[in-house]
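Have a look at the structure below before the remarks.
Rule-based calculations on the coordinates, nothing more; no lab input. Worth saying up front: this structure is predicted, and the values here are computed from it rather than measured. In this analysis, Cβ positions are derived from the backbone assuming ideal geometry, glycine residues included, and neighbour counts consider all displayed protein chains.
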Amino acid sequence: MKSSGGVNPADAVTRRCLSPLPFLMVVALSLTLLYHAATPAIPFPQSSSVRLRRPTLVASDPPPSPQESQDARLERVLREAATPDKTVILTSLNAFWSTPGSVLDLFLESFRIGDGTQELLNHLVVVAVDEKAYARCLAVHRHCFDLKSDGADFSGEKVFNSPEYLDMMWARLDFLRLVLEKGYSFIFSDVDVMWFRNPMPHFYLDGDFQISCDEFFGDPKNLTNWPNNGFSYVKSNRRSIEFYKFWYASRERFPGVHEQNVLNIIKFDPVVRQIGVRIRFLSTERFGGFCEISRDLNKVCTMHANCCIGLGKKIDDLKAMLADWKKFTSLPQDLEIRSRFSWSVPQSCRVVMVPESHAKFLAFEISISHFDWVSLHQEHGCRNLTVRSDWPGRQPVAVVAGLAWF
């Protein structure tokens, strides 16, 4: 495996040594819990093959019968939700995120009030990882799938990097691989991503795997962009399937590491180049979040409540975001007036300063140099750590579970 600069990370510890970081400590916070572009995307032509159904008001699909296998249920739900070209929209959640008045309700509301997004609900499959979430989905949405994992309980709040949390994230990744193998392309969206415009016309025509960013540096092909796995568009083909298999298998090489951090490592791996998967990073101009706001409401497609700790804070700011959108869409159809409108968020999810320890809480994991990550991982035993030292005028920054030490 090589980094983008040609360094072989397997020899990182012996070839290069990072000086010990005096402030390095074990911290149980997560950036990816926060979750967890400016080259424009090439839009699909207006006559795109992704044809959408008219929105319909129907009851949820019938619950599975005891005789129906999980694989058969998945085939049925995907078939009923897919566009004619076999594309589905997927989100996943547990009971913690699906209670009435919580994030699921806000997620569905964003589709209903967005510009041309309500019909997309016909193609949305909610993947529930526990019985309470599945029952809630059946009450509010048409296409629901109950993903069962043997012996796993994913119902409660999962602390970042706990074994249960990692199992849930990796199980989700393996599920997405299965969807690709069944011949379905997908848009995966975390449930705390609000949809304001149809994103399909703004995906790259030449990308197999397209992913949103916490930080976007202007070039959709630049591997140093910092991806966020909370929103992605993946085409079902040989390259994407092999990429997902390699990604999932890489868990064994990096035990105890979140799947998003593993992605940030393997994106430089020669095996990924051999697979030939075409990775594209989506601009935060259209696919924004609290980490990097999409400031032009005339262009925004989605906004992600990343860089935010705590469900209560996330809900507060998501509600404020939807209120902002309603105010924006009620403005006169005057481009100059609308261009002056800006988000009021983040409010509750603002960056936290910790002056007493000379640390700045960044609320997201800064982009990775795999070489340095391996050094710190092996030298200091810190698994949730990334390093970046390529910001002009900045000293190297070590990020330890969400704390940046300068």
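Backbone phi angles across region 266-278, fed through the Karplus curve with coefficients 6.51, -1.76 and 1.60 (θ = phi - 60°), yield HN-Hα couplings of 6, 4, 8, 6, x, 4, 5, 5, 5, 4, x, 5, 9 Hz in residue order; Gly and Pro are listed as x.
Note on Gln274 and Lys148: the model spin-label points, each 7 Å out from Cα along the C-beta direction, lie 3.8 nm apart. What FRET efficiency comes out for Glu68 versus Asn198 if R0 is 41 angstrom and r is the Cβ-Cβ distance? Round to the nearest 0.05. That gives a FRET efficiency of 0.80.
Full extension of the chain segment joining Asp206 with Arg112 gains 30.8 nm, where the gain is 0.36 nm per residue of separation less the Cα-Cα distance. Label positions at Leu178 and Glu75, each projected 7 Å from the Cα along the C-beta direction, are separated by 1.4 nm.
Extension gain for Asp85-Val140 works out to 17.2 nm (0.36 nm per residue, less the C-alpha to C-alpha distance). Per-residue 3J(HN,Hα) values for region 242-250, derived from phi via the Karplus relation 6.51 cos²θ - 1.76 cosθ + 1.60 with θ = phi - 60°, read 5, 5, 5, 5, 5, 4, 5, 5, 5 Hz in sequence order (x marks Gly and Pro).
Relative to one another, the C-alpha centroids of region 183-230 and region 87-128 are positioned 17 Å apart. Computed from label points 7 Å out along Cα-Cβ, the spacing between Glu336 and Arg238 is 5.7 nm. Pairs over the 30 Å Cα-Cα cut-off, from the set Lys148/Lys327; Lys235/Lys313; Lys182/Lys319; Lys132/Lys182; Lys267/Lys313: Lys148/Lys327; Lys235/Lys313; Lys182/Lys319; Lys267/Lys313. Computed from phi, the 3J(HN,Hα) profile of region 97-113 under the Karplus parametrisation 6.51, -1.76, 1.60 (θ = phi - 60°) reads 9, 10, 4, x, x, 9, 5, 4, 4, 5, 4, 5, 4, 4, 5, 6, 9 Hz, with x in place of Gly and Pro. Distances between placed amide hydrogens fall under 5 Å for Asp190 paired with Phe231, all partners being 5 or more residues away or on another chain.
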